[in-house]
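For reference, the structure is listed below as structure tokens.
The values are calculated or read from the model by the stated rules, or taken from the named source; none is laboratory data. Since we're looking at a predicted model, the values are computed, not measured. Quick reminder, even Gly has a Cβ in these numbers, built from the backbone with ideal geometry, and neighbours come from all protein chains shown. Accessible surface is based on the protein model in full, side chains and every heavy atom, while ligands, DNA and RNA are left aside. Shrake-Rupley method; radii C 1.70, N 1.55, O 1.52, S 1.80 Å.
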Amino acid sequence: MAAPRHSHGATHARRAPLSTFGSRTDVGCVREHNEDSLLVAPPLFVVADGMGGHAAGEVASEIAVDVIARYAPQHPDGELLARAVDEANWAIIRAAQEGKGRAGMGTTCTAAMMEGERLVIAQVGDSRAYLLHHGKLQQLTRDHSLMADMIESGQLTEEEARVHPRRSVITRALGSDPNMHADIYELNVETGDRLLLCSDGLSGMLEDYEIEQVLQHTRDPQRCASMLVNQAIGAGGHDNVTVVVADVTGFAEARRKKVARKTKVFVGFVLALLVAILAGTAFACQKYLDTVAYLIAEDGKVAVYKGVPDQLFGMSFSELERVSGVSVDDLQPGVANRLQEGIRVDSVAAADALIQEYENDIERRANQGALPGDETTQEDANGAGSADNAAGAAGSADAGNASNASASEGAAGEGEPNTSSSSAERRQA
Ligand code: CA
């Protein structure tokens, strides 16, 4: 077992998983010293009520929790827990022999280990373990005290024992008899049950039904422990009072781990799915960029690029395919303007076809002596409303790009040769 922290006059927790336990100890209203000690180191819980006067009880109870913390098993095991209590007994006897504390110092010991729905207790003296089960308080341990013996033999009632002058006489304790052994209790508890360990500073001051009410109605274990101590003090606080409250969470912790594990797997799956979707999208984008093309004016020539002319975060998504021999200045003004931005087409083949049409158009106009970019012919073109074969081909290539503007531009641009030629004809006439 890892080095635990025991507590004397304070509450310590070695591990704090969930707030499933709470503890408090108090000197009370009468005593000068708090000779009780407690240990909260789940699954181990210990209450020890020291005796011996002049603070020697404090030494005995501290040795008890220290040694039990060191020797207790990892998991609930009654025999092994009782053996840890034996070790504590011998340690206190040795300490007294070595002059630590006082000869005759001793302590009670109620040590409990609880894991899942398993509870084991090793018990010596009159500190107690109670269980709140289905709202009912049950005393789990039998006191090693004169009062308990007298009640059992019918000499006393519980009420008489409560005020009996010899009520604090105990018949078994750690620190005197090397052959002393703890009583062992092993039982199954239920999730929702509540374990209470306490010194007689609580059970001697409060009736069982009062303890039961606090355990029933105070949900938070730490608050519950505090309230019990407060009530004992309120009732007079004649003795040191120490309380440990631990809720039975059953296999909630195991279930929580299982859920956490499942959540981890699910998150992993979702992440993998996201990565797959992103990779798929990236692949589809790349495929698209590899297919589409556009024409653009570059150093006065019409260039063909694979991809799209846009940029995103400074990244470009295009690659130069070729620079054609077509001069932008030789083209119709509308087409030339659009080439500054780029004319998108479905494929490099469509771009090549469009360039072919530009070349055909330029050649035809050169043969007819028409000048490109003539404002008059442009206006005439709008009025003409007809296109030759070249315009039809270019228009269809452009329309394939799903860009109506592009298609109409292509058609309008290509419509011009007709009007140019008619204007040329007029000039000739
Ligand atoms: Ca006491």
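So E341 clears everything in (1) touching a residue at least 24 places away in the same chain (Cβ under 8 Å); (2) open to solvent by less than 40 Å² (accessible area, probe 1.4 Å) except one condition, right? Which one?
Tallying (1) touching a residue at least 24 places away in the same chain (Cβ under 8 Å); (2) open to solvent by less than 40 Å² (accessible area, probe 1.4 Å), E341 fails exactly one: (2).
Within the stretch 176-241, which helices (runs of 4 or more DSSP H) (wholly inside it) include 1 or more residues that are more than 16 Å from the ligand (Cβ to nearest atom) and of a type outside the set (S, T, N, Q)? Let's see the steps before the verdict.
Numbers: elements: 200-203, 208-217, 221-234.
Because the criterion is at least 1 residues that are more than 16 Å from the ligand (Cβ to nearest atom) and of a type outside the set (S, T, N, Q), the helices (runs of 4 or more DSSP H) in the stretch 176-241 that meet it are 208-217, 221-234.
Mind checking whether some residue in the stretch 291-309 is touching a Phe, Trp or Tyr at 6+ places or on another chain (Cβ under 6 Å) and of a type in the set (F, W, Y)?
yes
Could you list all residues from the stretch 93-111 that are away from the ligand (no atom under 16 Å from the Cβ) and touching a strand residue (DSSP E or B) at 6+ places or on another chain (Cβ under 6 Å)?
Within the stretch 93-111, just A111 meets the criteria.
Y130 passes all but one of (1) closer than 20 Å to V241 by Cα; (2) in contact (Cβ under 8 Å) with a residue 60 or more places away in the chain; (3) open to solvent by 20 Å² or more (accessible area, probe 1.4 Å); (4) not hydrophobic (A, V, I, L, M, F, W, C); which number fails?
Checking Y130 against (1) closer than 20 Å to V241 by Cα; (2) in contact (Cβ under 8 Å) with a residue 60 or more places away in the chain; (3) open to solvent by 20 Å² or more (accessible area, probe 1.4 Å); (4) not hydrophobic (A, V, I, L, M, F, W, C), the one that fails is (3).
Restricting the search to the stretch 112-132, which residues are within 15 Å of the ligand (Cβ to nearest atom) and either among the charged types (D, E, K, R) or on the phi > 0 side of the Ramachandran plot (or both)?
Answer for the stretch 112-132, where residues must be within 15 Å of the ligand (Cβ to nearest atom) and either among the charged types (D, E, K, R) or on the phi > 0 side of the Ramachandran plot (or both): G125, D126, R128.
Considering only the stretch 141-149, I want to know if a residue exists there that is under 19 Å from D208 (Cβ atoms), buried (at least 21 other Cβ atoms within 10 Å of the Cβ) and hydrophobic (A, V, I, L, M, F, W, C).
The answer is yes; a qualifying residue exists.
If I filter the stretch 31-39 for residues that are away from the ligand (no atom under 14 Å from the Cβ) and either open to solvent by 10 Å² or more (accessible area, probe 1.4 Å) or modelled with pLDDT of 95 or more (or both), do I get at least one hit?
The answer is yes; a qualifying residue exists.
I'd like to know if the stretch 67-90 contains one or more residues that are of a type in the set (K, R), open to solvent by 20 Å² or more (accessible area, probe 1.4 Å), within 16 Å of the ligand (Cβ to nearest atom) and under 30 Å from G250 (Cβ atoms). Break it down stepwise before answering.
Of all residues in the stretch 67-90, those of a type in the set (K, R) come to 70, 83.
Among the residues that remain, those that are also open to solvent by 20 Å² or more (accessible area, probe 1.4 Å) are: 70, 83.
Okay, now just the ones that are also within 16 Å of the ligand (Cβ to nearest atom), so none.
Checked the stretch 67-90: no residue is of a type in the set (K, R), open to solvent by 20 Å² or more (accessible area, probe 1.4 Å), within 16 Å of the ligand (Cβ to nearest atom) and under 30 Å from G250 (Cβ atoms).
Please determine whether any residue of the stretch 269-289 is away from the ligand (no atom under 16 Å from the Cβ), more than 30 Å from V163 (Cβ to Cβ) and open to solvent by less than 40 Å² (accessible area, probe 1.4 Å).
Checking the stretch 269-289: at least one residue is away from the ligand (no atom under 16 Å from the Cβ), more than 30 Å from V163 (Cβ to Cβ) and open to solvent by less than 40 Å² (accessible area, probe 1.4 Å).
Every residue in the stretch 151-174 that is within 16 Å of the ligand (Cβ to nearest atom), in a loop (DSSP other than H, G, I, E, B) and modelled with pLDDT of 95 or more, please.
T171, R172, A173 - these are the residues of the stretch 151-174 that are within 16 Å of the ligand (Cβ to nearest atom), in a loop (DSSP other than H, G, I, E, B) and modelled with pLDDT of 95 or more.
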